[in-house]
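Notes to accompany the following structure.
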Amino acid sequence: MKHFNIAALAGDGIGPEVMREAIKVLRVTERKFGFALNITEAPVGWAGIDAAGKALPEATLALCKSSDSILFGSVGLPDRDPTIPKEERPERAALLRIRKEFGLFANLRPVKLPQALAHACPLAKERQGEGIDILVVRELTGGMYFGQPKKTDDLGAGVFRAIDTMVYTTPEIERIAHVAFQAARLRRKKLTSIDKANVLENGILWREVVTRVGKNYADVTLDHMFVDNGAMQLMLRPTQFDVMLCENMFGDILSDEAAALGGSLGMLPSASLGATNGGNTFGFYEPAGGTAPDIAGKNLANPIAQILSAALMLRHSFGLNEAAVAIESAVAKAINDGNRTGDIFSATESGAKRVGTHEMGDAITAAI
Ligand code: NAD
(Lines give C-alpha, C1' and ligand atoms only; values in the text may rest on other atoms or scores of the structure.)
Protein backbone atom coordinates (compact mmCIF):
# COMPACT_ATOMS: atom_id res chain seq x y z
CA MET A 1 0.00 0.00 0.00
CA LYS A 2 1.27 3.51 -0.85
CA HIS A 3 2.01 5.75 2.17
CA PHE A 4 2.21 9.55 2.23
CA ASN A 5 3.04 12.02 5.01
CA ILE A 6 1.06 15.25 5.04
CA ALA A 7 1.62 18.33 7.20
CA ALA A 8 -1.83 19.89 7.75
CA LEU A 9 -1.47 23.53 8.77
CA ALA A 10 -4.96 25.00 9.22
CA GLY A 11 -3.88 28.47 10.36
CA ASP A 12 -6.32 31.21 11.33
CA GLY A 13 -9.90 32.39 10.75
CA ILE A 14 -11.88 29.90 8.68
CA GLY A 15 -8.72 27.75 8.24
CA PRO A 16 -9.52 25.17 10.95
CA GLU A 17 -13.18 24.82 9.85
CA VAL A 18 -12.42 24.17 6.20
CA MET A 19 -9.38 22.00 6.99
CA ARG A 20 -11.59 19.72 9.12
CA GLU A 21 -13.83 19.09 6.10
CA ALA A 22 -10.87 18.48 3.77
CA ILE A 23 -9.40 15.90 6.16
CA LYS A 24 -12.80 14.21 6.40
CA VAL A 25 -12.92 13.93 2.60
CA LEU A 26 -9.32 12.64 2.45
CA ARG A 27 -10.11 9.92 5.01
CA VAL A 28 -13.02 8.59 2.94
CA THR A 29 -10.97 8.76 -0.27
CA GLU A 30 -8.09 6.91 1.36
CA ARG A 31 -10.38 4.04 2.40
CA LYS A 32 -12.03 3.86 -1.01
CA PHE A 33 -8.81 3.87 -3.06
CA GLY A 34 -6.56 1.90 -0.69
CA PHE A 35 -3.66 4.23 0.13
CA ALA A 36 -2.51 5.47 3.54
CA LEU A 37 -2.24 9.10 4.58
CA ASN A 38 -0.34 10.02 7.70
CA ILE A 39 -1.82 13.47 8.41
CA THR A 40 -0.19 15.50 11.19
CA GLU A 41 -1.69 18.85 12.21
CA ALA A 42 0.46 21.75 13.44
CA PRO A 43 -0.09 25.44 14.24
CA VAL A 44 0.85 28.25 11.86
CA GLY A 45 0.00 31.95 11.61
CA TRP A 46 -1.50 33.59 14.69
CA ALA A 47 -2.18 30.05 15.91
CA GLY A 48 1.62 29.54 15.74
CA ILE A 49 2.30 32.81 17.56
CA ASP A 50 -0.18 31.83 20.30
CA ALA A 51 1.22 28.30 20.64
CA ALA A 52 4.96 28.90 20.26
CA GLY A 53 5.61 32.62 19.85
CA LYS A 54 6.26 32.46 16.08
CA ALA A 55 4.07 32.46 12.97
CA LEU A 56 6.06 29.49 11.69
CA PRO A 57 7.20 27.61 14.82
CA GLU A 58 10.37 25.51 14.47
CA ALA A 59 8.40 22.32 15.20
CA THR A 60 5.93 23.15 12.40
CA LEU A 61 8.76 23.81 9.94
CA ALA A 62 10.45 20.55 10.97
CA LEU A 63 7.18 18.68 10.38
CA CYS A 64 6.90 20.23 6.89
CA LYS A 65 10.47 19.17 6.06
CA SER A 66 9.75 15.58 7.05
CA SER A 67 6.47 15.48 5.08
CA ASP A 68 5.73 14.69 1.43
CA SER A 69 3.55 17.76 1.06
CA ILE A 70 1.83 20.57 2.96
CA LEU A 71 -1.92 21.08 3.06
CA PHE A 72 -2.36 24.67 4.17
CA GLY A 73 -5.43 26.66 5.30
CA SER A 74 -4.72 30.39 5.43
CA VAL A 75 -3.07 32.83 7.81
CA GLY A 76 -3.45 36.42 8.94
CA LEU A 77 -5.95 38.31 11.07
CA PRO A 78 -5.86 42.01 10.18
CA ASP A 79 -7.22 43.10 13.57
CA ARG A 80 -4.63 41.26 15.70
CA ASP A 81 -1.81 43.23 17.35
CA PRO A 82 -0.88 46.00 14.89
CA THR A 83 2.40 46.61 16.79
CA ILE A 84 4.01 43.35 15.55
CA PRO A 85 6.56 44.24 12.82
CA LYS A 86 5.63 43.35 9.21
CA GLU A 87 8.31 40.69 8.88
CA GLU A 88 6.98 38.80 11.91
CA ARG A 89 3.34 38.88 10.82
CA PRO A 90 1.96 35.57 9.54
CA GLU A 91 1.60 36.54 5.87
CA ARG A 92 5.37 37.14 5.62
CA ALA A 93 6.86 35.06 8.40
CA ALA A 94 4.91 31.92 7.51
CA LEU A 95 3.83 32.08 3.86
CA LEU A 96 6.88 33.71 2.26
CA ARG A 97 9.25 31.64 4.41
CA ILE A 98 7.60 28.38 3.32
CA ARG A 99 7.66 29.40 -0.38
CA LYS A 100 11.37 30.16 -0.14
CA GLU A 101 12.31 27.19 2.04
CA PHE A 102 10.76 24.64 -0.34
CA GLY A 103 11.73 26.28 -3.66
CA LEU A 104 8.12 26.39 -4.87
CA PHE A 105 8.51 27.52 -8.49
CA ALA A 106 5.22 26.49 -10.10
CA ASN A 107 1.81 27.79 -9.13
CA LEU A 108 -1.29 26.01 -10.43
CA ARG A 109 -4.66 27.73 -10.18
CA PRO A 110 -7.58 25.78 -11.66
CA VAL A 111 -10.81 27.69 -12.24
CA LYS A 112 -13.84 25.58 -12.88
CA LEU A 113 -17.30 27.04 -13.07
CA PRO A 114 -19.94 24.32 -12.85
CA GLN A 115 -22.95 25.07 -15.08
CA ALA A 116 -25.16 24.96 -11.99
CA LEU A 117 -23.32 28.06 -10.72
CA ALA A 118 -23.68 30.07 -13.94
CA HIS A 119 -25.45 32.78 -11.92
CA ALA A 120 -22.33 33.34 -9.75
CA CYS A 121 -20.13 34.19 -12.79
CA PRO A 122 -19.88 37.83 -13.91
CA LEU A 123 -19.97 36.81 -17.61
CA ALA A 124 -23.19 36.46 -19.56
CA LYS A 125 -24.45 32.88 -19.81
CA GLU A 126 -23.75 32.64 -23.57
CA ARG A 127 -20.06 33.37 -22.97
CA GLN A 128 -19.82 30.48 -20.47
CA GLY A 129 -20.54 27.82 -23.11
CA GLU A 130 -20.58 24.32 -21.61
CA GLY A 131 -18.84 25.63 -18.48
CA ILE A 132 -15.49 27.32 -17.84
CA ASP A 133 -12.58 25.01 -16.96
CA ILE A 134 -9.12 26.63 -17.06
CA LEU A 135 -5.81 25.86 -15.36
CA VAL A 136 -3.42 28.79 -15.03
CA VAL A 137 0.19 27.63 -14.56
CA ARG A 138 2.33 30.51 -13.27
CA GLU A 139 6.10 30.62 -12.85
CA LEU A 140 6.63 31.73 -9.26
CA THR A 141 10.28 32.46 -8.56
CA GLY A 142 11.64 34.38 -11.57
CA GLY A 143 10.84 37.33 -13.81
CA MET A 144 10.22 40.92 -12.85
CA TYR A 145 9.42 40.30 -9.16
CA PHE A 146 12.90 38.96 -8.38
CA GLY A 147 15.23 40.18 -11.19
CA GLN A 148 18.20 42.43 -10.34
CA PRO A 149 18.82 45.34 -10.44
CA LYS A 150 15.72 46.32 -8.52
CA LYS A 151 16.01 49.77 -7.00
CA THR A 152 14.96 53.39 -6.95
CA ASP A 153 17.60 56.02 -7.78
CA ASP A 154 17.44 59.60 -6.61
CA LEU A 155 18.44 61.60 -9.71
CA GLY A 156 18.26 64.88 -7.83
CA ALA A 157 16.00 67.90 -8.22
CA GLY A 158 13.07 65.81 -6.98
CA VAL A 159 13.37 63.27 -9.81
CA PHE A 160 13.45 59.55 -8.98
CA ARG A 161 13.97 56.57 -11.27
CA ALA A 162 12.55 53.12 -10.39
CA ILE A 163 14.09 50.03 -11.98
CA ASP A 164 12.72 46.49 -12.06
CA THR A 165 14.35 43.86 -14.21
CA MET A 166 12.68 40.98 -16.03
CA VAL A 167 15.05 38.01 -16.15
CA TYR A 168 14.53 34.40 -17.22
CA THR A 169 17.03 31.68 -18.02
CA THR A 170 16.32 28.70 -20.26
CA PRO A 171 16.31 26.16 -17.35
CA GLU A 172 13.73 28.25 -15.49
CA ILE A 173 11.46 28.32 -18.55
CA GLU A 174 12.03 24.65 -19.30
CA ARG A 175 11.04 23.38 -15.85
CA ILE A 176 7.80 25.40 -15.68
CA ALA A 177 6.96 24.39 -19.27
CA HIS A 178 7.33 20.71 -18.33
CA VAL A 179 4.93 21.21 -15.39
CA ALA A 180 2.37 22.85 -17.70
CA PHE A 181 2.62 20.20 -20.44
CA GLN A 182 2.32 17.40 -17.89
CA ALA A 183 -0.74 19.07 -16.36
CA ALA A 184 -2.26 19.47 -19.84
CA ARG A 185 -1.81 15.74 -20.42
CA LEU A 186 -4.13 15.08 -17.46
CA ARG A 187 -6.74 17.45 -18.91
CA ARG A 188 -7.95 18.33 -22.43
CA LYS A 189 -4.39 18.37 -23.83
CA LYS A 190 -4.33 21.98 -24.97
CA LEU A 191 -1.71 24.49 -23.85
CA THR A 192 -1.76 28.23 -24.52
CA SER A 193 1.57 29.85 -23.73
CA ILE A 194 1.28 33.53 -22.82
CA ASP A 195 4.07 35.99 -23.62
CA LYS A 196 4.86 39.39 -25.04
CA ALA A 197 7.23 38.21 -27.77
CA ASN A 198 6.40 41.22 -29.94
CA VAL A 199 8.06 43.60 -27.44
CA LEU A 200 10.13 41.77 -24.83
CA GLU A 201 13.39 39.81 -25.20
CA ASN A 202 12.00 37.64 -22.41
CA GLY A 203 8.96 36.95 -24.54
CA ILE A 204 11.06 35.79 -27.50
CA LEU A 205 13.10 33.42 -25.34
CA TRP A 206 9.98 32.19 -23.55
CA ARG A 207 8.28 31.32 -26.85
CA GLU A 208 11.39 29.57 -28.23
CA VAL A 209 11.92 27.44 -25.13
CA VAL A 210 8.25 26.51 -24.67
CA THR A 211 8.08 25.49 -28.34
CA ARG A 212 11.20 23.32 -27.93
CA VAL A 213 9.89 21.66 -24.74
CA GLY A 214 6.59 21.07 -26.53
CA LYS A 215 8.33 18.71 -28.98
CA ASN A 216 8.41 16.18 -26.12
CA TYR A 217 4.63 16.36 -25.78
CA ALA A 218 3.29 15.61 -29.25
CA ASP A 219 -0.09 14.68 -27.75
CA VAL A 220 -0.58 18.24 -26.40
CA THR A 221 -1.65 21.02 -28.80
CA LEU A 222 0.43 24.15 -28.20
CA ASP A 223 -0.44 27.67 -29.23
CA HIS A 224 0.94 31.08 -28.26
CA MET A 225 -0.87 34.28 -27.35
CA PHE A 226 0.27 37.77 -26.44
CA VAL A 227 -0.65 38.64 -22.87
CA ASP A 228 -2.84 41.62 -23.78
CA ASN A 229 -4.91 39.45 -26.10
CA GLY A 230 -4.97 36.69 -23.44
CA ALA A 231 -6.51 39.11 -20.92
CA MET A 232 -9.17 40.07 -23.47
CA GLN A 233 -9.89 36.51 -24.61
CA LEU A 234 -10.48 35.43 -21.00
CA MET A 235 -13.45 37.79 -20.94
CA LEU A 236 -14.65 37.21 -24.51
CA ARG A 237 -14.29 33.44 -24.96
CA PRO A 238 -12.92 31.76 -21.82
CA THR A 239 -14.01 28.31 -23.00
CA GLN A 240 -11.19 28.28 -25.62
CA PHE A 241 -8.61 27.79 -22.84
CA ASP A 242 -7.50 24.56 -21.20
CA VAL A 243 -4.04 25.25 -19.69
CA MET A 244 -2.56 28.77 -19.76
CA LEU A 245 1.20 28.94 -19.13
CA CYS A 246 2.51 32.29 -17.89
CA GLU A 247 5.65 33.87 -16.52
CA ASN A 248 5.41 35.27 -12.99
CA MET A 249 3.87 38.73 -13.44
CA PHE A 250 1.57 37.84 -16.34
CA GLY A 251 0.43 34.80 -14.35
CA ASP A 252 -0.21 36.90 -11.25
CA ILE A 253 -2.55 39.14 -13.21
CA LEU A 254 -4.24 36.55 -15.44
CA SER A 255 -4.80 34.02 -12.63
CA ASP A 256 -6.78 36.63 -10.69
CA GLU A 257 -8.69 37.62 -13.80
CA ALA A 258 -9.52 33.95 -14.43
CA ALA A 259 -10.42 33.50 -10.73
CA ALA A 260 -13.16 36.10 -11.09
CA LEU A 261 -14.88 33.70 -13.51
CA GLY A 262 -15.05 30.93 -10.91
CA GLY A 263 -17.96 32.41 -9.00
CA SER A 264 -16.44 32.63 -5.50
CA LEU A 265 -13.09 32.65 -3.75
CA GLY A 266 -14.49 29.80 -1.68
CA MET A 267 -14.37 27.52 -4.76
CA LEU A 268 -10.77 28.12 -5.84
CA PRO A 269 -7.89 25.84 -4.87
CA SER A 270 -4.22 26.31 -5.66
CA ALA A 271 -1.03 24.29 -5.75
CA SER A 272 2.56 25.48 -5.53
CA LEU A 273 5.06 22.86 -6.62
CA GLY A 274 8.74 22.41 -5.90
CA ALA A 275 11.27 19.93 -7.19
CA THR A 276 10.50 16.29 -7.94
CA ASN A 277 12.60 13.72 -6.07
CA GLY A 278 12.23 10.01 -6.69
CA GLY A 279 8.80 10.43 -8.29
CA ASN A 280 7.38 12.59 -5.46
CA THR A 281 6.81 16.29 -6.15
CA PHE A 282 6.87 18.39 -3.01
CA GLY A 283 3.83 20.65 -3.02
CA PHE A 284 2.07 23.30 -1.00
CA TYR A 285 -1.71 23.24 -1.40
CA GLU A 286 -4.00 26.04 -0.22
CA PRO A 287 -7.27 27.79 -1.01
CA ALA A 288 -6.93 30.96 -3.12
CA GLY A 289 -8.80 33.01 -0.49
CA GLY A 290 -7.69 34.20 2.92
CA THR A 291 -8.88 33.70 6.50
CA ALA A 292 -12.26 35.41 5.94
CA PRO A 293 -12.47 36.84 9.50
CA ASP A 294 -15.96 38.19 8.72
CA ILE A 295 -17.44 34.69 8.64
CA ALA A 296 -14.95 32.67 10.76
CA GLY A 297 -16.28 30.31 13.43
CA LYS A 298 -19.87 30.52 12.19
CA ASN A 299 -20.12 27.41 10.00
CA LEU A 300 -20.57 29.73 6.99
CA ALA A 301 -17.32 29.21 5.05
CA ASN A 302 -17.30 27.28 1.79
CA PRO A 303 -14.94 24.31 2.31
CA ILE A 304 -14.72 23.49 -1.43
CA ALA A 305 -11.49 25.45 -2.11
CA GLN A 306 -9.76 23.53 0.69
CA ILE A 307 -11.20 20.19 -0.43
CA LEU A 308 -10.17 20.79 -4.06
CA SER A 309 -6.69 21.76 -2.81
CA ALA A 310 -6.50 18.31 -1.21
CA ALA A 311 -7.50 16.78 -4.57
CA LEU A 312 -4.69 18.71 -6.30
CA MET A 313 -2.27 17.30 -3.71
CA LEU A 314 -3.32 13.73 -4.50
CA ARG A 315 -2.85 14.41 -8.24
CA HIS A 316 0.34 16.46 -8.37
CA SER A 317 2.34 15.24 -5.37
CA PHE A 318 1.21 11.63 -5.01
CA GLY A 319 0.25 10.66 -8.58
CA LEU A 320 -3.24 9.59 -7.43
CA ASN A 321 -5.19 11.09 -10.32
CA GLU A 322 -8.15 8.73 -10.04
CA ALA A 323 -8.69 9.64 -6.38
CA ALA A 324 -8.35 13.35 -7.25
CA VAL A 325 -10.98 12.99 -9.98
CA ALA A 326 -13.27 11.21 -7.47
CA ILE A 327 -13.09 14.21 -5.11
CA GLU A 328 -13.68 16.69 -7.94
CA SER A 329 -16.67 14.67 -9.18
CA ALA A 330 -18.05 14.52 -5.63
CA VAL A 331 -17.80 18.32 -5.39
CA ALA A 332 -19.64 18.62 -8.73
CA LYS A 333 -22.36 16.25 -7.48
CA ALA A 334 -22.82 18.17 -4.22
CA ILE A 335 -23.24 21.37 -6.26
CA ASN A 336 -25.56 19.75 -8.81
CA ASP A 337 -27.68 18.42 -5.92
CA GLY A 338 -28.30 22.04 -4.91
CA ASN A 339 -26.02 22.40 -1.87
CA ARG A 340 -24.95 26.04 -1.50
CA THR A 341 -22.90 27.78 1.16
CA GLY A 342 -23.72 31.49 1.56
CA ASP A 343 -21.10 32.69 -0.94
CA ILE A 344 -22.68 30.75 -3.84
CA PHE A 345 -26.31 30.93 -2.73
CA SER A 346 -28.88 32.86 -4.70
CA ALA A 347 -32.44 33.15 -3.39
CA THR A 348 -33.73 33.19 -6.97
CA GLU A 349 -32.17 29.82 -7.87
CA SER A 350 -34.78 27.07 -7.73
CA GLY A 351 -33.79 23.84 -5.97
CA ALA A 352 -30.88 25.46 -4.12
CA LYS A 353 -30.56 24.77 -0.39
CA ARG A 354 -28.41 26.88 1.88
CA VAL A 355 -26.00 24.73 3.88
CA GLY A 356 -23.16 25.29 6.34
CA THR A 357 -19.49 24.31 6.15
CA HIS A 358 -20.09 20.90 7.79
CA GLU A 359 -23.10 20.06 5.67
CA MET A 360 -21.24 20.85 2.45
CA GLY A 361 -18.37 18.63 3.68
CA ASP A 362 -20.86 15.87 4.48
CA ALA A 363 -22.51 16.10 1.05
CA ILE A 364 -19.11 15.80 -0.68
CA THR A 365 -17.98 12.95 1.59
CA ALA A 366 -21.21 11.07 0.90
CA ALA A 367 -20.73 11.49 -2.86
CA ILE A 368 -17.29 9.84 -2.93
P1 NAD B 1 -10.32 36.89 2.28
O2 NAD B 1 -10.05 36.05 1.10
O3 NAD B 1 -10.06 36.30 3.60
O4 NAD B 1 -11.84 37.38 2.24
C5 NAD B 1 -12.39 38.13 1.14
C6 NAD B 1 -13.91 37.86 1.05
O7 NAD B 1 -14.11 36.55 0.53
C8 NAD B 1 -14.61 37.91 2.41
O9 NAD B 1 -15.88 38.47 2.26
C10 NAD B 1 -14.72 36.45 2.79
O11 NAD B 1 -15.83 36.17 3.63
C12 NAD B 1 -14.88 35.76 1.42
N13 NAD B 1 -14.33 34.40 1.45
C14 NAD B 1 -13.04 34.01 1.39
N15 NAD B 1 -12.93 32.68 1.48
C16 NAD B 1 -14.19 32.21 1.60
C17 NAD B 1 -14.75 30.91 1.75
N18 NAD B 1 -14.00 29.81 1.79
N19 NAD B 1 -16.10 30.79 1.85
C20 NAD B 1 -16.89 31.88 1.80
N21 NAD B 1 -16.42 33.13 1.66
C22 NAD B 1 -15.09 33.29 1.57
O23 NAD B 1 -9.47 38.24 2.09
P24 NAD B 1 -9.19 39.44 3.09
O25 NAD B 1 -10.43 39.75 3.88
O26 NAD B 1 -8.60 40.49 2.25
O27 NAD B 1 -8.07 38.92 4.07
C28 NAD B 1 -8.30 38.41 5.39
C29 NAD B 1 -6.98 37.94 5.96
O30 NAD B 1 -6.51 36.80 5.21
C31 NAD B 1 -5.86 38.98 5.88
O32 NAD B 1 -5.10 38.93 7.08
C33 NAD B 1 -5.03 38.55 4.70
O34 NAD B 1 -3.69 38.95 4.79
C35 NAD B 1 -5.16 37.03 4.81
N36 NAD B 1 -4.92 36.32 3.56
C37 NAD B 1 -4.21 35.18 3.66
C38 NAD B 1 -3.97 34.41 2.53
C39 NAD B 1 -3.19 33.15 2.68
O40 NAD B 1 -3.02 32.67 3.77
N41 NAD B 1 -2.71 32.57 1.59
C42 NAD B 1 -4.48 34.82 1.29
C43 NAD B 1 -5.24 35.99 1.22
C44 NAD B 1 -5.46 36.74 2.37
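The values are calculated or read from the model by the stated rules, or taken from the named source; none is laboratory data. Please read all numbers here as calculations on a predicted model, not as lab measurements. A quick note on method: Cβ atoms are made from the backbone with ideal geometry, for glycine too, and the neighbour counts reach across all protein chains shown.
Brief remarks on what is shown
- Total residues in segment 41-64 satisfying the condition of being surrounded by fewer than 15 Cβ atoms within 10 Å (Cβ to Cβ) and in contact with a helix residue (DSSP H, G or I) (Cβ under 8 Å, 6 or more places away or on another chain): the figure is 2.
- Members of segment 74-91 that are of a type outside the set (Gly, Ala, Ser) and near the ligand (Cβ under 10 Å from one of its atoms): Val75, Leu77, Pro78, Asp79, Arg80, Arg89, Pro90, Glu91
- Against the conditions (1) more than 13 Å from the ligand (Cβ to nearest atom); (2) surrounded by fewer than 17 Cβ atoms within 10 Å (Cβ to Cβ), Leu117 satisfies every one except (2).
- When each of Arg161, Arg138, Arg175, Arg127 is tested for being surrounded by fewer than 22 Cβ atoms within 10 Å (Cβ to Cβ), under 23 Å from Gly283 (Cα atoms) and not aliphatic (A, V, I, L, M), the lone residue that passes is Arg175.
- Residue in segment 219-226 that is touching a helix residue (DSSP H, G or I) at 6+ places or on another chain (Cβ under 9 Å) and part of a helix (DSSP H, G or I) present: no
- Within segment 270-309, tally of residues that are free of Cβ contacts under 8 Å to residues at least 12 places away in the same chain and within 12 Å of the ligand (Cβ to nearest atom): 2
- The lone criterion from (1) farther than 19 Å from Gly319 by Cα; (2) within 12 Å of the ligand (Cβ to nearest atom) left unmet by Ala22 is number (1).
- Lone unmet requirement of (1) buried (at least 24 other Cβ atoms within 10 Å of the Cβ); (2) modelled with pLDDT under 95 for Ala310: (2)
- Residue check for Ile327: crowded, with 24+ Cβ neighbours inside 10 Å and either of a type in the set (Val, Ile, Thr) or within 13 Å of the ligand (Cβ to nearest atom) (or both): yes
- Looking only at residues of segment 94-114 that are within 12 Å of the ligand (Cβ to nearest atom) and among the aliphatic types (A, V, I, L, M), we find that the one that is farthest from Glu247 (Cα to Cα) is Ala94.
- Look at (1) more than 16 Å from the ligand (Cβ to nearest atom); (2) closer than 25 Å to Asn299 by Cα; (3) assigned to a loop (DSSP other than H, G, I, E, B) and you find that Met1 fails only one, number (2).
- Cross-chain or 6+ apart pairs with Cβ under 7 Å, segment 91-102 first and in the same structural domain as Asp81 (by TED's automatic domain parsing), then of a type in the set (Asp, Glu) and away from the ligand (no atom under 13 Å from the Cβ): Ala93/Glu87
- Of the residues making up segment 237-252, none is out of contact with any Asp or Glu (no Cβ under 8 Å at 6 or more places or on another chain), free of Cβ contacts under 8 Å to residues at least 24 places away in the same chain and either within 23 Å of Gly142 (Cβ to Cβ) or not assigned by TED's automatic domain parsing to the domain that holds Gln128 (or both).
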